[in-house]
Amino acid sequence: MKVKMLSRNPDNYVRETKLDLQRVPRNYDPTLHPFEVPREYVRALNATKLERVFAKPFLASLDGHRDGVNCLAKHPKNLATVLSGACDGEVRIWNLTQRNCIRTVQAHEGFVRGICTRFCGTSFFTVGDDKTVKQWKMDGPGYGEEEEPLHTILGKTVYTGIDHHWKEAVFATCGQQVDIWDEQRTNPICSMTWGFDSISSVKFNPVETFLLGSCASDRNIVLYDMRQATPLKKVILDMRTNTICWNPMEAFIFTAANEDYNLYTFDMRALDTPVMVHMDHVSAVLDVDYCPTGKEFVSASFDKSIRIFPVDKSRSREVYHTKRMQHVICVKWTSDSKYIMCGSDEMNIRLWKANASEKLGVLTSREKAAKDYNQKLKEKFQHYPHIKRIARHRHLPKSIYSQIQEQRIMKEARRRKEVNRIKHSKPGSVPIVSEKKKHIVAVVK
Amino acid sequence: MNVNRVAESLLALSQQEELVDLPKNCPLSENEDEGDSDGERKHQKLLEAISSLDGKNRWKLAERSEASLKVSEFNVSSEGSGEKLVLADLLEPVKTSSSLATVKRQLNRVKSKKVVELPLNKEKIEQIHREVAFGKTSRVLSKWDPIVLKNQQAEQLAFPLGKEQPAIAPIEHALSGWKARTPLEQEIFNLLHKNKRPVTDPLLTPMEKASLRAMSLEEAKMHRAELQRARALQSYYEAKARREKKIKSKKYHKVVKKGKARKASKELEQLQKVNPTVALEELEKFENARMMERMSLKHQNSGKWAKSKAIMAKYDLEARQAMQEQLAKNKELTQKLQVASEIEEEKGCTEEVEELLVPHVVNEVQMNVDGPNPWMLRNCTSDIREAATQEDPEQLPEPATHEVSESEGEERPVAEEEILLRDFEERRSLRKRSELNQDAEPAGIQERKDSSSQEVLSELRALSQKLKENHQSRKQKASSEGTVPQVQREEPAPEEEAPLLLQRPERVQTLEELEELGKEDCFQNKELPRPVLEGQQSERTPNNRPDAPKEKKEKEQLIDLQNLLTTQSPSVRSLAVPTTIEELEEDEERDQRQMIKEAFAGDDVIRNFLKEKREAVEASKPKDVDLTLPGWGEWGGVGLKPSTKKRRQFLKAPEGPPRKDKNLPNVIISEKRNIHAAAHQVQVLPYPFTHHRQFERTIQTPVGSTWNTQRAFQKLTTPKVVTKPGHIIKPIKAEDVGHQSSSRSDLSVIQWNPKRITTRHNKELKKNSVG
């Protein structure tokens, strides 16, 4: 007869080195671990609560400008470097890790309307109210040298915006018309115009780099093709679009920040219907910038807040505000997709975390696993009322809060009126227009 | 010259003609504005023109009264005629004169040439340009569609997208630019070089290289595999041998040895056939062994053990047998391997030898065992038997009788056996029962049970039968009552069993009472003291069972809400109405009721409803939930169950709130929806799901590592977007996703002047304008 007995083979439980993880034998029989759903639900609830507890997005405020910050630019090669232009014509270069200003340039007289960096990161361009386009070296002048631009182009009209090509030595300015310049020449190699109103912003497509988008004060967004030197299409909206931003991962998608408190994401091949209307702001949206992953974008608004929208959602997932932050004029998402910068009226540039409750710094593998698990749980149970309520809860300044209420009432009234009109008129005589189409006035070929 | 002039004028004319075709061209229609007033003048002009066509007056210029846009030196105009000038008309006079052949040719050429279309206006052209360009751009952009879709559906996106090649220089490069400078470094380098340790790739010493060359990988592998196999086999054999060695059973070893011997002999036989010389050698070996055996005193019963056994052999059968076995072995071993006849001869000798060696007592028995004298053997066994019987005749009477019975008659052994067995059983059961009611039977009776009186036995048997019957009947009753909705109390047991059941009357009664109370709803507060009273009653008169049903009926009549439905509500009689009419009305009512009853004779709606309600109530009652966790706080595993204490502790059915339709007999209010739970439940099916079951399934699959293996857990919790901290994420590039990016730079195309339209572009334009 064979006698069974307890056998303890050290190979089964002794680690090779003390750095190895302890082997924990585990029986995954579901009957031994009951109540999966309730337990996970509680975990999800806790994770959601903790997320709100740890949501401290504000990192730093960079002060030094002596007027409102009008424009921001990222350094293409260096994550820590940021450029900003103010309303008094001053351009400052900041170091984000040290959180200080490393260089100050009095670039223009009057506003610095636009600023952009060259794709290689060696120089940057500014346009100002003094009808000039200036190119500056990224590095400061040596000792005893004077602060001077590399090149200065004197134009005939005021330039309101500038953007640099993503690969070549070409940049585009806008004002009365969209001009495309070679860096080496003092005359534009091509100017494109469609309509007579002033153009407020121009942006190169980062993927298909020959494409440009611009928005003008006559409420339209115009797309240009640089290679064929012709405008492509124009879409007229209800109200003026302040700026647009292209999706860096999807070549044909761009988002427009509009005066009517909304943002519109368009597929440029079908301009008659926006892909998504993003609404949450309670005042004009002044700037928009995409996350480099192309999944989200951040918008700056006149209502003293910035919001983060997922590309495919019409409501924002996050709103940032502080007591001291005034009208936010410009916003940028850093190239590592972790931080957001915004420049506002009250002369400060603020640095935020893109994920409010994210832990900064290096995570251990267990921390990472816990983070991923919590994220998954939150996602899984996001529709449950208690969890949804906690996850959605944000504190808002009174002004924004009351405006939201007010606008809700207004919207409801408008909707009711429309419903009534449809109800009391001949069937079919009053067309039902979807929310997406409502704001598009026309598409001009 | 003249001719040329004429041609020129005609060309101009033809142009004019075309211009006339265009309705929009305003400057031409200027002349027509003059109206009919100067019709005469026109006529005059025409006449003059005609007259001037021939001969000398050719050069006379037409008189111009006002400035005309088209001034023709030929004075030809279509003014006033209202007709267009056709080239053929003009050519007619030319036909006659041969001197104008060149002109004619030129004119013909003009005729054959197609007319250039008028360019479109600027806006239109620009629009067409834009449309074409947009079409092109959209086509270029739509190549991104699959990539965008893929990225949207991807399980995980890791940014930055492009694989960054880590710039690791090979070690040679690093070393080539580096020289040993300090003395320590030099020393180390010297050492390294002395050992011929390579500093560059591949990092192998000459020795290692040589060894590598010596044996190829394949060979080495094969070699190693063989070695492994051999080692494994060896270990198996060792293990087997060890196991066999450990076996203590002598019999086993004996068997093994015998087997071996048999095998050896067989082999020998075979060898004899195949190879006689070798067989002879083998035989010699056997012979040697035999000789050794014969020389030695082994198995000769001369050892210490054998002597002791010899002493014991007189009395102990086993010892005797053992000695004999020993001798038999000796015999076997000393046997010569020879022909059968020889063996027989030998036998006698050995026997003699044995006789010499073995003591007398042993010899006797040995003869018995060997079997030459069967009589002796028989005698011996019978002796033993007799002795046994003498020793304990009282102890084993039954086996003896059994044997007797068997010997007596083999015809009906089974039946008799059965009878006997039954007898035994009965006796045993009797014993048990008597033990149960010890007070009834004194202990003395048990002792004298063997000679038990038939009377007691029969009595007890009867009793047991009755008990059984009663039990069965009660069971039947219970089952029948289960089907009947209104649970009736048990009918009183027959008179005979009453004394038997005396032992547990009070407890049962009270329990039943409690049950009843539970059934009869708790709002009967007055009834509460009742059970105590009844208990007292029952104590006083334990035989009052027949009264119980009555009581119950009374209670029912008092309170039963369920009956409210079925029983007639007592009609309230008003005094004002005369009695006769009243009777009439009552009659009518009764009639109607009768009719309804007849109409719905088949389906008992009320009863069904009541049943339904009862079922609903039962279903909504909170069920016991077994929350026992096996293995917590104690050992768990197959065949082990959690302790009863724990089971009791964890079995719990929380008392739910009272039903809303408790006091509404003819209403069922469903209480399936739990308000407290609803606060935690999803009300609307979330967007991507199409069916609630789909959603439930996703919720029910756990994600955590408590329920999943580490690998599965990692897979389940992979984040959708992964970014590296501190890495710049660049916009997606065509090269990243395997597309051919346009080789031409965006800049190179710009230089091309958009104002000049190439033929290709023109074609496209036309197509577009047509379409």
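Find the strands (runs of 3 or more DSSP E) located wholly in the stretch A:158-209 whose residues include 1 or more that are free of Cβ contacts under 8 Å to residues at least 24 places away in the same chain, out of contact with any Gly (no Cβ under 8 Å at 6 or more places or on another chain) and hydroxyl-bearing (Ser, Thr, Tyr), and list them.
Numbers: elements: A:161-164, A:170-174, A:178-182, A:188-192, A:199-204.
It comes to A:188-192.
Would you call B:Lys613 within 14 Å of chain A (Cβ to nearest Cβ), of a type outside the set (A, V, I, L, M, F, W, C) and at negative phi? No, not satisfied.
To keep it simple, each residue is scored yes or no on (1) at the interface with chain B (Cβ under 9 Å from one of its Cβ atoms); (2) within 23 Å of the chain's Cα centre (by Cα); (3) at pLDDT 95 or above; (4) open to solvent by less than 70 Å² (accessible area, probe 1.4 Å).
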site	(1), (2), (3), (4)
A:Arg15	no, no, no, no
A:Leu19	no, no, no, no
A:Val24	no, no, no, no
A:Pro30	yes, no, no, no
A:Pro34	yes, no, no, yes
A:Val37	yes, no, no, yes
A:Ala47	no, no, yes, yes
A:Gly64	no, no, no, yes
A:Pro76	yes, yes, no, yes
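Checking each residue in the stretch B:623-642 for being open to solvent by less than 100 Å² (accessible area, probe 1.4 Å), assigned to a loop (DSSP other than H, G, I, E, B) and aliphatic (A, V, I, L, M) picks out B:Leu627, B:Leu629, B:Leu640.
The set of residues from the stretch A:189-206 being more than 24 Å from the chain's Cα centre (by Cα), more than 10 Å from chain B (Cβ to nearest Cβ) and not β-branched (Val, Ile, Thr) comprises A:Ser191, A:Gly195, A:Phe196, A:Asp197, A:Ser198.
Go through the stretch B:655-725 and tell me which helices (runs of 4 or more DSSP H), entirely inside it, have 3 or more residues that are surrounded by 11 or more Cβ atoms within 10 Å (Cβ to Cβ), within 14 Å of chain A (Cβ to nearest Cβ) and basic (Lys, Arg).
Values: elements: B:675-678, B:692-700, B:710-716.
Those helices (runs of 4 or more DSSP H) do not exist here; none qualify.
For the stretch A:234-254, a residue qualifies if it is in a strand (DSSP E or B), under 16 Å from A:Lys437 (Cα atoms) and either within 14 Å of chain B (Cβ to nearest Cβ) or open to solvent by 10 Å² or more (accessible area, probe 1.4 Å) (or both), and the qualifying residues are A:Lys234, A:Val235, A:Ile236.
Determine whether A:Pro231 is within 12 Å of another protein chain (Cβ to nearest Cβ) and not in a strand (DSSP E or B).
On the way: within 12 Å of another protein chain (Cβ to nearest Cβ): yes; not in a strand (DSSP E or B): no.
No: the conditions fail for A:Pro231.
The lone criterion from (1) modelled with pLDDT of 80 or more; (2) farther than 30 Å from B:Ile699 by Cα; (3) open to solvent by 80 Å² or more (accessible area, probe 1.4 Å) left unmet by B:Lys645 is number (1).
Of the residues that sit in the stretch B:289-308 and are open to solvent by less than 60 Å² (accessible area, probe 1.4 Å) and of a type outside the set (Gly, Ala, Ser), which one is nearest to B:Ala261 (Cα to Cα)? It would help to see each step written out before you state the result.
Restricting attention to the stretch B:289-308, the residues satisfying the condition of being open to solvent by less than 60 Å² (accessible area, probe 1.4 Å) are B:289-290, B:293, B:296, B:299-303, B:306, B:308.
With of a type outside the set (Gly, Ala, Ser) added as a condition, the list becomes B:290, B:293, B:299-301.
Numbers: B:Arg290: 14, B:Glu293: 16, B:His299: 18, B:Gln300: 21, B:Asn301: 23 Å.
Checking each candidate, the answer is B:Arg290.
Quick one: would you say A:Gly89 is more than 13 Å from chain B (Cβ to nearest Cβ), on the phi > 0 side of the Ramachandran plot and surrounded by fewer than 19 Cβ atoms within 10 Å (Cβ to Cβ)? Before you say what the answer is, go through the steps one by one.
Values: more than 13 Å from chain B (Cβ to nearest Cβ): yes; on the phi > 0 side of the Ramachandran plot: yes; surrounded by fewer than 19 Cβ atoms within 10 Å (Cβ to Cβ): no.
No, not satisfied.
Residue-by-condition table, conditions (1) of a type in the set (Val, Ile, Thr); (2) part of a loop (DSSP other than H, G, I, E, B); (3) within 14 Å of chain B (Cβ to nearest Cβ):
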| position | (1), (2), (3) |
| --- | --- |
| A:Ala256 | no, no, no |
| A:Thr273 | yes, yes, no |
| A:Leu286 | no, no, no |
| A:Ala300 | no, no, no |
| A:Arg324 | no, yes, no |
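Which residues, counting only those in the stretch B:122-148, are open to solvent by 90 Å² or more (accessible area, probe 1.4 Å) and either within 12 Å of chain A (Cβ to nearest Cβ) or at pLDDT 90 or above (or both)? Correct list: B:Glu123, B:Lys124, B:Arg139.
Is it the case that some residue within the stretch A:147-156 is within 14 Å of chain B (Cβ to nearest Cβ), within 25 Å of A:Gly64 (Cβ to Cβ), out of contact with any Asp or Glu (no Cβ under 9 Å at 6 or more places or on another chain) and open to solvent by 30 Å² or more (accessible area, probe 1.4 Å)? Give the derivation first.
Going through the stretch A:147-156, the residues within 14 Å of chain B (Cβ to nearest Cβ) turn out to be none.
Within the stretch A:147-156 (the criterion being within 14 Å of chain B (Cβ to nearest Cβ), within 25 Å of A:Gly64 (Cβ to Cβ), out of contact with any Asp or Glu (no Cβ under 9 Å at 6 or more places or on another chain) and open to solvent by 30 Å² or more (accessible area, probe 1.4 Å)), the answer is no, since none of the residues qualifies.
The values are calculated or read from the model by the stated rules, or taken from the named source; none is laboratory data. Nothing here was measured: the structure is a model prediction, and the numbers come from that model. All Cβ positions, even for glycine, are placed from backbone atoms using ideal geometry, and neighbour counts span all protein chains on display. Note: areas computed on protein heavy atoms with side chains; ligands, DNA, RNA excluded. Shrake-Rupley method; radii C 1.70, N 1.55, O 1.52, S 1.80 Å.
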